[in-house]
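To keep things clear, I will list the structure first and then write my remarks on it.
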Amino acid sequence: MSDDVAAELREQFRTAFEGADFPVTDQMDLVPALPDGPGTRFEAGDISFSAMELAANLDGHQEFPYESVDELVDDVMAALKAEGLLE
C-alpha cells in the first residue's frame with residue numbers, strides 16, 4: 001500500500017469521526033458522527049470497507065475511551081496494519 005492510500009484513509013477517518021462527541025467510550029459513540037451511519041464506506045486505492053466492517057476488524061485493538069479524533073485515528077491506522085489490512 002502506498003503512503004498516498006494510507007494518507008487518504010487517515011483523512012477519511014478523521015473527517016468521518018471528528019464530529020463525534022469526545023471523549024468516546026465505545027464504538028457505538030461513533031455511529032452518530034458517520035455521514036451514512038454504519039454503512040459509511042472508506043475507500044482508497046484498492047481498499048474499501050464499510051464502518052461496520054471496520055468495527056469488526058478492529059474489535060480488540062481499540063482502547064476506549066478516546067479523548068480526541070487524532071488519538072482514535074492513530075489507533076485505527078495501527079490496528080489496520082496489525083490486521084494486515086494495510087501494509
| note | Pairing a residue in segment 37-64 that is over 20 Å from residue 6 (Cβ atoms) with any residue that is among the hydroxyl-bearing types (Ser, Thr, Tyr), where Cβ atoms lie under 6 Å and the two sit 6 or more apart in sequence or on different chains, gives 39/50; 64/25
| field | Filter result (closer than 16 Å to residue 11 by Cα and free of Cβ contacts under 8 Å to residues at least 60 places away in the same chain) within segment 65-75 | value | 68, 69, 70, 71, 72, 74, 75
| message | Filter segment 44-87 down to the residues that are closer than 15 Å to residue 27 by Cβ, touching a Phe, Trp or Tyr at 6+ places or on another chain (Cβ under 8 Å), open to solvent by 20 Å² or more (accessible area, probe 1.4 Å) and at pLDDT 90 or above and list them by number. | response | 75
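Within segment 76-87, can one find any residue that is of a type in the set (D, E, K, R) and closer than 16 Å to residue 11 by Cβ?
Filtering segment 76-87 down to residues of a type in the set (D, E, K, R) leaves 81, 83, 87.
Filter once more, so that each one left must be closer than 16 Å to residue 11 by Cβ: none.
Checked against the condition, which is being of a type in the set (D, E, K, R) and closer than 16 Å to residue 11 by Cβ, segment 76-87 yields no hits at all.
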| Taking segment 28-43, which residues are open to solvent by 60 Å² or more (accessible area, probe 1.4 Å) and within 25 Å of residue 87 (Cβ to Cβ)? | 41, 43
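The values are calculated or read from the model by the stated rules, or taken from the named source; none is laboratory data. Worth saying up front: this structure is predicted, and the values here are computed from it rather than measured. Ideal geometry is used to build each Cβ from the backbone, glycine not excepted, and the neighbour counts take in all protein chains shown. Heavy atoms of the whole protein, side chains included, go into the accessibility calculation; ligands, DNA and RNA do not. Shrake-Rupley method; radii C 1.70, N 1.55, O 1.52, S 1.80 Å.
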